[in-house]
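Structure first, commentary second.
The values are calculated or read from the model by the stated rules, or taken from the named source; none is laboratory data. Everything numeric here is computed off the predicted structure, so don't read it as measured data. Note that we place each Cβ from the backbone using ideal geometry, even for glycine, and neighbour counts take in every protein chain shown. Surface accessibility is based on the protein's heavy atoms, side chains included, excluding ligands, DNA and RNA. Shrake-Rupley method; radii C 1.70, N 1.55, O 1.52, S 1.80 Å.
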Amino acid sequence: AAGTGDANYPDGPCVTNIDSAMAQVAELPALAEPTRPHYAMLVTDGKQAGCEVDGGDAGTEATIAAMLAAGVRTYVVGFGDAVDAPQLARLALAGGGALPDAPYYYQADDAVGLAAALHAIAAAAVPCTVAVPTAPDDLDVDQLHVFFDQVTELPHDPTMTDGWTYDAANKTLTFVGATCATLQAGGVTEVDAIYACPGID
């Protein structure tokens with residue numbers, strides 16, 4: 001922890017520099033890696049105080065919006081019982097990770113609430129529709145076998161009840177029902193799609 005003589009000690013005028021923190025996150029090289037989706041999470045009370053180096057509240061919103069435009073979605077968690085709710089809502093909406101209804105951000109008042117928010121965000125960040133750009137144009141779904149963790153073969157279900165379905169026009173594989181819920185709950189470490197595998201009918 002920083003002592004009172006440390007230049008980083010939060011004794012003012014700059015106490016909470018959310019704008020600079022998000023500006024630094026936006027520059028992380030890992031977020032520019034093109035082969036996978038990227039997400040950021042901001043846990044804060046939303047109260048930027050005495051800090052304008054990177055634009056203050058407006059600068060934070062602009063940074064988060066630019067990150068979204070670059071493919072990085074930001075999830076906002078308000079922590080504590082004295083948050084700036086309007087500002088957190090603006091940040092959540094700018095970041096693309098907002099809840100569908102007000103207050104739009106995730107709220108956590110304690111460690112249990114924070115764990116619940118993290119679990120909900122993890123579920124929201126895991127898509128149940130994935131692109132399969134290398135799939136052949138004439139793919140026969142009867143020859144497509146999909147597995148979780150190389151063990152559990154999932155049922156093909158065009159009724160969209162449970163299992164997976166394939167959209168040939170968009171070359172996307174979508175998990176539905178309990179299968180999607182299992183994926184979003186973090187119970188799966190690997191998904192494999194095997195096409196016309198010898199020995200599998």
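For an R0 of 22 angstrom, estimate the FRET efficiency from the Cβ-Cβ distance between ALA181 and ARG36 and round to the nearest 0.05. Please report the intermediate quantities before stating the final value.
Working: r = 22 Å, r/R0 = 1.00.
FRET efficiency, ALA181 to ARG36: 0.50.
Calculate the FRET efficiency for THR129 and LEU28 from the Cβ-Cβ distance with a Förster distance of 22 Å, rounded to the nearest 0.05.
Details: r = 26 Å, r/R0 = 1.19.
E between THR129 and LEU28, to the nearest 0.05, is 0.25.
Could you tell me what percent of the DSSP beta bridges with both partners in region 15-108 are antiparallel, to the nearest 5?
Working: 1 of 12 bridges.
Of those bridges, close to 10 percent are antiparallel.
Want the number for ASP110 to TYR195: 0.36 nm per residue separation, take away the alpha-carbon distance, what's left?
25.9 nm
Leaving out ligands and nucleic acids, note down the accessible area per residue over the chain with a 1.4 angstrom probe, in whole Å².
Per-residue accessible area for the chain comes out at 56 Å².
Which longest uninterrupted range of the chain lacks any GluC sites (Glu not before Pro) assigned by DSSP to a loop state (not H, G, I, E or B) and surrounded by at most 10 other Cβ atoms within 10 Å?
Working: sites that count: GLU27, GLU190.
For GluC sites (Glu not before Pro) (loop position, at most 10 other Cβ atoms within 10 Å), the longest site-free span of the chain is 28-189.
Under the classification rounded if a/c is under 1.5, otherwise prolate if a/b is larger than b/c and oblate if not, where does region 66-181 fall, given a ≥ b ≥ c as square roots of the Cα gyration tensor eigenvalues?
Since a/c reaches 1.5 and a/b is larger than b/c, the shape of region 66-181 is classed as prolate.
Calculated FRET efficiency, ASP101 and VAL188, Cβ-Cβ r, R0 30 Å, to nearest 0.05? Don't jump to the answer; show the numbers that get you there.
Details: r = 29 Å, r/R0 = 0.95.
For ASP101 and VAL188, the calculated efficiency is 0.55.
For region 1-134, what relative contact order do you get, as a whole percent, if you take Cα pairs closer than 8 Å and at least 6 residues apart?
Normalised by residue count, the contact order of region 1-134 is 21 percent.
Of ALA117, MET67, PRO155, which is farthest on the positive side of the dipole of the chain, counting Cα position, with +1 on Lys and Arg Cβ, -1 on Asp and Glu Cβ, and the Cα centre as origin?
Working it through, the farthest residue towards the positive pole turns out to be MET67.
Out of the total accessible area of the chain (probe 1.4 Å, heavy atoms of protein only), what percent is carbon and sulfur?
Looking at the chain in its full context, I get 57 percent from C and S.
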